Structures are given as C-alpha cells and as structure tokens.
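Q: Sharing a structure here in structure tokens format.
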Amino acid sequence: MPHIVDFDKVSTAGLESSPVAEALAGLRANEARYFRNKYQHVFTVSPASEVPDVVERVSRILREERGIVIGSPALEATAFEVDGLSMAYVFYQSGLSINVMYGIEGGKRAVGFKLSDGMEVPEELAANFKFARQKSKLAGVIRGSYFVIKGEY
C-alpha cells in the first residue's frame, strides 16, 4: 500500500531492514521535499513487491545501458509524472537510491544514483562512477552520480 513520505517527521517505515535505515529514510525524505518544493508533487512510495514493474523498468535500463545489476534487494519504489518527466525511484536495502528521469517527449533522460550516509559504494558501481558529495539537513552527506540514457525505453 502506498504511503506519503513525510519530510517534516522522517520515518524509517518500510526501510527497517537496511543497515543504514535512518540515513536512507533521510535520503527518501530529501527527495520528497525536493518534489514538493519544486513541483508541488506529493512523493509516495510502495513496497517494492507491490510495484515490480517499476523495479523491473529501472533494472532493465541499468542492465541494457551499462550492464549493471544491483545486488541489494529493493525495499521501496515509486513512479510518477511531473512537468513532462516520467520519474521512477527505487530504494535498496544497502542504502542506495536510484532514480530514472525520462522526458516524455524527448529531452532529459538520465539515471541518478544516490548513496546514503554511512554506506560503501556498491561494488557494481565503484569501478565506473565517481560520486560527488552534497550536504542535506535531512540526509547528512549524500554522494551522487549519474549517466545519460542513450536508448529508448
């Protein structure tokens, strides 16, 4: 069942099995705040088992674009459209967050990776990506990277 991510009262609900649950909850809340402030969009997530199509779409893009297979189980996911963009997010047990931004009528198309504070860079990403750091009141230090999607999905 989908639930709204509250960025005022950060909760680890749905993320308890992560070794960095509090940091991942802060990262998820940071995304919710961004979409509320920029687009007035209410960020909701569902257990990954309830939205396997979202998890599979993100996995397929990673696999076909860069040969990446994420080893950590997906905990939560969401997909929505805002301002001409199709967005998909998957939050993983390791503390990794992956988002796919796909312009509905062309335009921007990219995959973004964000690492929760306290987690190591996943082995499947370490060799090919450098991560920039940014500070967040909700999530501590977030490390992020991305790549541009070249194919059609």
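The values are calculated or read from the model by the stated rules, or taken from the named source; none is laboratory data. Keep in mind that this is a model prediction, so the values were computed, not measured. As a convention, Cβ positions derive from the backbone with ideal geometry for all residues, glycine included, and neighbour counts pool all protein chains shown. Just so you know, the surface numbers come from the protein's heavy atoms only, side chains and all, with ligands and any DNA or RNA stripped out. Shrake-Rupley method; radii C 1.70, N 1.55, O 1.52, S 1.80 Å.
Q: If you average the sequence gap of Cα pairs under 8 Å that are 6 or more apart and divide by the length of the chain, what percent do you get for the contact order?
A: Taking the mean separation of contacting Cα pairs over the length of the chain, I get 22 percent.
Q: Given a 1.4 Å probe and heavy atoms of the protein chains only, how would you sort 119, 1, largest accessible area at the top?
A: Ranked from most to least accessible, the order is 1, 119.
Q: Let's test the formula: R0 of 35 Å, r as the Cβ-Cβ distance of residue 63 and residue 134. What FRET efficiency results, to the nearest 0.05? Mind dumping the intermediate values first?
A: Numbers: r = 27 Å, r/R0 = 0.79.
The calculated FRET efficiency here is 0.80.
Q: State to the nearest 20 debye the size of the charge dipole of the chain about its Cα centre, where the only charges are +1 on K and R beta carbons and -1 on D and E beta carbons.
A: 620 debye
Q: What is the percent carbon and sulfur in the accessible area of the range 1-136, measuring with a 1.4 Å probe over the protein chains and ignoring ligands?
A: Result for the range 1-136: 49 percent of the exposed heavy-atom area is carbon or sulfur.
Q: Skip the ligands, DNA and RNA, and give the accessible area per residue of the range 94-152 with a 1.4 Å probe, whole Å².
A: On the way: 3340 Å² over 59 residues.
That works out to 57 Å² for each residue.
Q: Quick one: how many lysine pairs in the chain have C-alpha atoms under 18 angstrom apart, if they're 8 or more apart or on different chains?
A: The number of close lysine pairs in the chain is 7.
Q: List the relative contact order of the range 1-89 as a percent without decimals, with contacts defined as Cα pairs under 8 Å and 6+ residues apart.
A: Relative contact order for the range 1-89 comes out at 28 percent.
Q: Can you tell which of 7, 27, 40 lies farthest toward the positive end of the dipole of the range 6-46, using +1 and -1 charges on the Cβ of basic and acidic side chains (Lys, Arg; Asp, Glu)?
A: Looking along the dipole axis, the top candidate is 40.
Q: Between Rg and the Kirkwood Rh of the range 97-153, both from Cα atoms, what is the Rg to Rh ratio? Let's see the in-between values first.
A: Details: Rg = 12.9 Å, Rh = 12.5 Å.
The Rg/Rh ratio comes out at 1.03.
Q: Between residue 3 and residue 145, what length in nm is gained on full extension when 0.36 nm per residue of separation is reduced by their alpha carbon distance?
A: The residue 3-residue 145 span can extend by a further 48.4 nm.
Q: Sort the following peptides by mean Cβ neighbour count (other Cβ atoms within 10 Å, averaged over residues), highest first: 17-24, 138-145. Can you show the working numbers first?
A: Values: 17-24: 19.8, 138-145: 17.8.
Ranked by mean Cβ neighbours within 10 Å, highest first: 17-24, 138-145.
Q: What does the charge count near residue 69 come to, summing +1 for each Lys or Arg and -1 for each Asp or Glu among other residues with Cβ under 15 Å from its Cβ?
A: Neighbour charge sum, excluding residue 69 itself: -1.
Q: Please give the contour-minus-distance gain from residue 37 to residue 152: 0.36 nm per residue of separation, less the Cα-Cα distance, rounded to one decimal in nm.
A: 38.4 nm
Q: Taking K and R as +1 and D and E as -1, what net charge do the other residues with C-beta under 11 Å from the C-beta of residue 86 add up to?
A: Net local charge, residue 86 excluded: 0.
Q: Along the Cα→Cβ direction, 7 angstrom out, place labels at residue 105 and residue 16. What is the inter-label distance in nm?
A: It works out to 4.6 nm between the two label points.
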